[in-house]
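Chemist: Structure in structure tokens, see below.
What follows draws every value from the coordinates through simple rules; no lab data is involved. The structure displayed is predicted, hence computed values, not measured ones. Every residue, glycine among them, receives a Cβ derived from its backbone with ideal geometry; neighbour counts consider all protein chains shown.
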Amino acid sequence: MKFQIYCILICFTLASCKDHNTATIITDFCSNIHRDDSFTLSTALEDVAPLMEDKTGVYVLEDGSGSMVARAWLTEYAEKTIDIQYFIFSTDNIGLIACDYLVRAADRGVKVRILVDDIMVDAEIEDILTFNSHENISVKIYNPGINLGKNIFQKIGKLSTDFKGANQRMHNKTFIVDNKVVITGGRNIANEYFDYDHEYNFRDRDILLLGKEAKNVKSSFEMFWNSELSQDVTTIIKSDTEKVYSETTFDKLHEYACNPENFWPQVRERIENLPETFNNIKNSKDFVWLDDVHFISDLPGKNDEAYNLSAGGLSTDALIDLVKKAETSIDIQTPYLITSDLSRSLFKKAVDRGVSVRILTNSLASTDNVEAFSSYQTDRKKLLETGVRIFEFRPDAEERSNIMTGELQEKLDYKPTFGLHAKSMVIDNKTTVIGTFNLDPRSANLNTECIVIVDSEKISKGVLKGMEIEFKPENSWETTLDFNPDSEVSNYKRLKTWTRKILPKAIL
């Protein structure tokens, strides 16, 4: 989890666009760049519709730009519904443009529902209400009471009287279009998750699902949407005046999103060409139709009745089962690596029975979360003593040139720092897990998480190909009992990390 407070939801400077510079106002600013009404998502899926009844199509979205373009194109050609569930939905460049696409979908009658976690909301209240005023857009907040609409004293009161409840967050990330197509995985909606930030980006991974298993993802979304923990934004925020939608409500948002300085023409061209790209995906060797793909999500209010901070959940149980059954190898990518006696014991038993275990996580130099790193640092030696090999991601990884969005590379004369955010596991070279689960106590016991388990040697081979590159010395350091790369950072960051050791591991 990223503890830096990100503005999350929607707010896009809606009526005022006050935090974003706009270029010369163009009267018909998006007339030539949006959808062709003769083409729909059903048209794109027509040739595979019979397969979608009983099978699930699977495609791994490795690069940020491709994952962003896929979301934009699906939003552009959605016909009935778009259901979105995220932990972070920032109001930076990517977030504003995503919201522009959602408003345009709503304008043509698509029902848009957005569920976000309360703790990361740092948006203007009036802007959230304005977004929600659209007749086809509904916004709900998960587990409110710690942030949105609360003053500092109310927040402190919540933390002091209901510490566990305040720390139970929704970390699920799902994007569901017409109940047919799903994107889920590690990415939140913000510049750095799609390789568009000019200073710091994440190496991340999503997975696209078509057909059968999309129904289970939708069922999970409905469970969260209808949970008593998910409240309509209008019941949380009290406003003096009711927000009334008009045809000009989102003009400033559209102007921003259609400005070539904010959304580059070459990216729009990629979106326009995606029908051809989508066909190429369906026909590629990396796209697989499978009988059994398993989407697993924790329940809303995970461990709500348990008064300890280590009660587990459905996603935790599924991952423990996979580790126990591993026969030859376990390869893991996790941005935050905080182990417990239980997890170290599981890995030790796997190593003892001949399983090779490798974990790639962030180094102190690449991490965005020194709180989590401080706890990992404390137990790093214990984990190494189990026989697990640990690799720590380099902020100057050579692989940046291949991962980083091409459009950004053209614009900058330097390469931003990269950190790891992918949450993936490959077991025995044949079973792949992609999802939101970090290897830490928060994901295991507090946050609701979701994962996709794919039994396919072809999918595993593709994911492992990327992992193997990132295990190489030019992309990561191998940490041993005799060496770690902590000295690669400034004394200040090391001191900052040391001071965080007072924080309880259970909430990190």
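Chemist: Lys and Arg at +1, Asp and Glu at -1: add these up for the other residues within a Cβ distance under 12 Å of THR277 and post the number.
Modeler: Within the 12 Å Cβ shell, the charges total -1.
Chemist: Divide by every residue of the chain the summed helix terms, -39500 (n - 2.57) for each DSSP H run of at least 4, and state the resulting mean residue ellipticity at 222 nm, rounded to the nearest 500 deg cm²/dmol.
Modeler: Computed mean residue ellipticity for the chain: -10000 deg cm²/dmol.
Chemist: Where the centre of each part is set by its Cα atoms, how far does the range 429-479 sit from the range 340-388, in angstrom?
Modeler: 14
Chemist: When only DSSP loop residues count, what trypsin sites (Lys or Arg not before Pro) in the range 325-428 have their Cβ near at most 11 other Cβ atoms within 10 Å?
Modeler: Numbers: sites: LYS325, ARG344, LYS348, LYS349, ARG353, ARG358, ARG380, LYS381, LYS382, ARG389, ARG400, LYS411, LYS423; in loops: ARG353, LYS423.
Passing both the DSSP loop test and the Cβ count: ARG353.
Chemist: For the range 48-283, build the charge dipole from Cβ charges (+1 Lys, Arg; -1 Asp, Glu) around the Cα centre, then report which of GLN154, THR91, ALA166 sits farthest towards its positive end.
Modeler: Most positive-ward Cα: ALA166.
Chemist: Now for a different question. Counting other beta carbons within 10 Å of each residue's own, what order do VAL323, VAL452, VAL181 fall into, fewest first?
Modeler: Ascending Cβ contact count within 10 Å gives the list VAL323, VAL181, VAL452.
Chemist: Give the value in nm², to one decimal: projected area of the alpha carbon convex hull of the chain, averaged over all directions.
Modeler: Value for the chain: 23.1 nm².
Chemist: Could you tell me which trypsin sites (Lys or Arg not before Pro) in the range 188-238 are loop residues by DSSP with no more than 12 other beta carbons within 10 angstrom of their beta carbon?
Modeler: Of the trypsin sites (Lys or Arg not before Pro), the ones in loops of the range 188-238 whose Cβ has at most 12 other Cβ atoms within 10 Å are LYS238.
Chemist: Taking the Cα centre of the chain as the origin and placing charges on Cβ (Lys, Arg +1; Asp, Glu -1), which of VAL181, ILE281, VAL351 is farthest toward the positive end of the dipole?
Modeler: Going by the Cα projections, it comes out as VAL351.
Chemist: Rounded to the nearest Å, what's the spacing between the alpha carbon centres of the range 58-92 and the range 145-209? Just the number, please.
Modeler: 15
Chemist: The range 122-203: which GluC sites (Glu not before Pro) are DSSP loop and have at most 10 other beta-carbon atoms within 10 angstrom?
Modeler: Details: sites: GLU124, GLU126, GLU135, GLU192, GLU199; in loops: GLU124, GLU135, GLU199.
Here the sparse-neighbourhood loop sites are GLU135, GLU199.
Chemist: How do MET52, MET467 rank when sorted from fewest to most other Cβ atoms within 10 Å of their own Cβ? It would help to have the intermediate numbers written out before the result.
Modeler: Numbers: MET52 17, MET467 21.
If I rank by nearby Cβ atoms, fewest first, I get MET52, MET467.
Chemist: With +1 on the Cβ of every Lys and Arg and -1 on the Cβ of every Asp and Glu, and nothing else charged, how large is the dipole of the chain about its Cα centre, in debye rounded to the nearest 20?
Modeler: For this selection, approximately 1740 debye.
Chemist: Let me ask another. When a footprinting reagent is the concern and you count Cβ atoms within 10 Å, what order do GLU62, GLU247 take, fewest first?
Modeler: GLU247, GLU62
Chemist: Mind checking the full-extension length gain between GLU135 and GLN154? Use 0.36 nm per residue of separation minus the Cα-Cα distance, one decimal, nm. Don't skip to the answer; put the middle values down first.
Modeler: Details: separation 19, 0.36 × 19 = 6.84 nm, distance 3.18 nm.
Between GLU135 and GLN154, full extension yields an extra 3.7 nm.
Chemist: Suppose the chain between ASP396 and LEU314 were pulled fully straight at 0.36 nm per residue; how much longer would it get relative to their current alpha carbon spacing?
Modeler: 25.9 nm
Chemist: Moving on. Can you pull the one-decimal nm distance between simple spin-label points at THR235 and LYS215, each 7 Å off the Cα toward Cβ?
Modeler: Placing both labels 7 Å beyond Cα along the Cβ direction yields 3.0 nm.
Chemist: Under the Kirkwood approximation for Rh and a Cα-based Rg, what ratio Rg/Rh is obtained for the range 363-406?
Modeler: 1.09
Chemist: Right, here's the next one. Looking at SER476, PRO265, LEU508, which one has the Cα that reaches farthest to the positive end of the dipole of the chain (charges on Cβ: Lys, Arg +1; Asp, Glu -1)?
Modeler: LEU508
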